[in-house]
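Student: Right, I'll just put the structure down here and ask away after.
The values are calculated or read from the model by the stated rules, or taken from the named source; none is laboratory data. Quantities reported herein were computed from a predicted structural model and do not represent experimental measurements. Ideal geometry is used to build each Cβ from the backbone, glycine not excepted, and the neighbour counts take in all protein chains shown. Calculation scope for accessible area: heavy atoms of the full protein, side chains included, ligands and nucleic acids excluded. Shrake-Rupley method; radii C 1.70, N 1.55, O 1.52, S 1.80 Å.
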Amino acid sequence: MTKIVNHWIGGKTAEGASGTFGPVTDPATGAVTTKVAFASVEEVDAAVAAAKEAFLTWGQSSLAQRTSILFRFRALLDAHRDEIAELITAEHGKVHSDALGEVARGLEIVDLACGITVQLKGELSTQVASRVDVSSIRQPLGVVAGITPFNFPAMVPMWMFPIAIACGNTFVLKPSEKDPSASVRLAELLAEAGLPDGVFNVVHGDKVAVDRLLEHPDVKAVSFVGSTPIARYIHTTASANGKRVQALGGAKNHMLVLPDADLDAAADAAVSAAYGSAGERCMAISAVVAVGAIGDELVEKIRERAEKIKIGPGDDPASEMGPLITAVHRDKVASYVKGAADEGCEVVLDGTGYTVDGYEDGHWIGISLLDKVPTSAKAYQDEIFGPVLCVLRAETYEEALALVNASPFGNGTAIFTRDGGAARRFQLEVEAGMVGVNVPIPVPVGYHSFGGWKDSLFGDHHIYGNDGTHFYTRGKVVTTRWPDPADAPTGVDLGFPRNH
C-alpha cells in the first residue's frame, strides 16, 4: 500500500482534501513509494488561520516558555536523528552520512534558537533629556511562512522555523513536494516537545500553495531557498503584497587555486565540494579556476580521486554518492555533459549513462569532469545542481578574480593558497557573500548569517544568525517621560523628600 503524506495543521494531521496528489519516488530504484497531498487554497487558508489564532497567545508567551520547548525539541531531534536521516535518504537519495550531517547542521540553528534570549535583548538610553528615557525593543511579526527546496528537506526548514518561533512568531512551512516526510516528522517532534497547536504548520503542494502564501494578507513574511528564477518571483510577488522577504537563489561557486597552493589538499577539497551530496547543494563548488601553470597537474589529481568515488544506494554504508532526486533532473544534468565537447570543453570524465547493478531504474549519473571550459559554455553559465565540475584556466590572479566577479551569481567562493596576502586581497575584492580561505564550502556556523550577493539573494536579510533574528522581528522605539515623585500634587505624600 502506498504511503500518503498529509498536511499538519493546528497541531495534528490534516488529510488532504483537494483530491490532488504528487508522487514521491525512491531515487535509488525509481519506484513511487509515497503520495503527497497537494493543498488547495482553502487548505492553505486553514493553516494560516490556525497560525494566526495561535499567535494571539504564542506572541505574548514568555521567552522562558519558548526556549524550554525548544530545548525539549532539541533533545528529541538529537534522539531521532537517525530516523530523520533515513527519511531523507529514502526520498532524496543522499547517502546516510550526508543525511546525518544535514540534521546536525539543522541542530546548530536549534541551538541558536535555544539561546534567543540574548539576541532579543533591547537597548536603553537613560536621561536623554530631563527625566526622559529611550528604549528599543524587538517584537514578533505574526504569521510567517517558509518555502524550502528538495536538497535539504530537514536542514533548510530548520534554518527558518526555530528562530521564527523563538522570536514569538507562528510558522507555516511549504516544503518540497519531492521529499516531504522529514518536515512532517519535525512537526510531530515539535508537538511532542510541547509546542502549542497552530504554532507550526505544514502544507504540501505546488504553485497553488506557494502563490496563496505569497498573497495571503495574514502572512507577514516569507523565507525561501531555491533557484534564482523562483527566488526572483518569490521576492517580486511577496513584496508586491506587502510582505517582508528573504529569498535565497542559485549559485555558481568558484574555487580559485593559486600556483603556491597545496594541490593535494586543493584536489581533495574540489572533489568533496563538487561531488558531495551528488552536487545537489547551493554551496557546491561547480567551477575550479586554476591559476598559472598548475592546471594540468590539478586536473589529474582531481580525476584520480573522482574515479574512486563509490556510487550506490544511499542506505548502503559503502556508498559515497547517491542518485539524483528525479529522472527528469538526472537527464537535465546529463545534457550539460553531452553537449560540453561541442562548446569547446575537454571532457575528462563523462558520468552520463551510469547505472548501478540491481538498481537499473534508479536516477543514476556518474562523476563528470570538464576541463578548459570557456565561459560561454552552458555548463559554466548555468547552475547544474549535479555532479559536474568545470575547470577553467587563468594566467593571473587578476584574471581569475575578474572571471569570478563577472558571474551573475555571488553565493559562495573559495581560494586555495599559502599566501596570506593573496587570501586577504581575495576576501576583500571578491563579489560574493561567503568566502572560504583553504575551506571549499564556506557555510557559516549558526551564529553567523548565511547568504549570497547578486542573483543569489533577493531581499535585505541573510538567513539565520543575527540577520535571522532581525528578519523575524521588527523594532520599536519607546520614548518615556515620568514626572518626579516629588512633584506629586499637594496632599499626596509618597514619602519622597522635596530636595530639588
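Student: Being closer than 11 Å to Val222 by Cβ and part of a strand (DSSP E or B) is the filter here; which residues of the stretch 137-166 pass it?
Tutor: Across the stretch 137-166, the qualifying residues are Val143, Val144, Ala145, Gly146, Ile147.
Student: A further question on this structure: Could you tell me whether Glu108 is closer than 19 Å to Gly465 by Cα, in contact with a helix residue (DSSP H, G or I) (Cβ under 9 Å, 6 or more places away or on another chain), crowded, with 22+ Cβ neighbours inside 10 Å and not basic (Lys, Arg)?
Tutor: Here the answer is no, as Glu108 does not meet what is asked.
Student: In addition: Taking the stretch 177-186 on its own, how many of its residues are within 20 Å of Arg74 (Cβ to Cβ) and buried (at least 24 other Cβ atoms within 10 Å of the Cβ)?
Tutor: 3
Student: Within the stretch 243-260, can you find the residues that are open to solvent by 10 Å² or more (accessible area, probe 1.4 Å) and farther than 23 Å from Pro149 by Cβ?
Tutor: Matches in the stretch 243-260: Leu258, Pro259, Asp260.
Student: Could you list, in sequence order, all residues of the stretch 170-184 that are assigned to a helix (DSSP H, G or I) and either closer than 17 Å to Ala221 by Cβ or not aliphatic (A, V, I, L, M) (or both)?
Tutor: Result: Ser181, Ser183.
Student: Using the structure shown, decide if Gly19 is small (Gly, Ala, Ser), over 18 Å from Val143 (Cα atoms) and either open to solvent by 20 Å² or more (accessible area, probe 1.4 Å) or touching a residue at least 40 places away in the same chain (Cβ under 8 Å) (or both).
Tutor: yes
Student: Going through the stretch 397-452 one residue at a time, which ones are in contact (Cβ under 8 Å) with a residue 40 or more places away in the chain, open to solvent by 10 Å² or more (accessible area, probe 1.4 Å), over 27 Å from Ser376 (Cβ atoms) and not in a loop (DSSP other than H, G, I, E, B)?
Tutor: Passing the criteria: only Ala422.
Student: Here is a follow-up. Mind checking which strands (runs of 3 or more DSSP E) fall wholly inside the stretch 1-42 and carry at least 2 residues that are at pLDDT 95 or above and more than 22 Å from Ile325 (Cβ to Cβ)?
Tutor: 7-9, 12-14
Student: Report yes if Ala104 is modelled with pLDDT of 95 or more and in contact with a strand residue (DSSP E or B) (Cβ under 9 Å, 6 or more places away or on another chain), otherwise no.
Tutor: Spelling it out, it is not the case that Ala104 is modelled with pLDDT of 95 or more and in contact with a strand residue (DSSP E or B) (Cβ under 9 Å, 6 or more places away or on another chain).
Student: Any idea how many residues of the stretch 196-210 are surrounded by 16 or more Cβ atoms within 10 Å (Cβ to Cβ), out of contact with any helix residue (DSSP H, G or I) (no Cβ under 7 Å at 6 or more places or on another chain) and not in a loop (DSSP other than H, G, I, E, B)?
Tutor: The total comes to 1.
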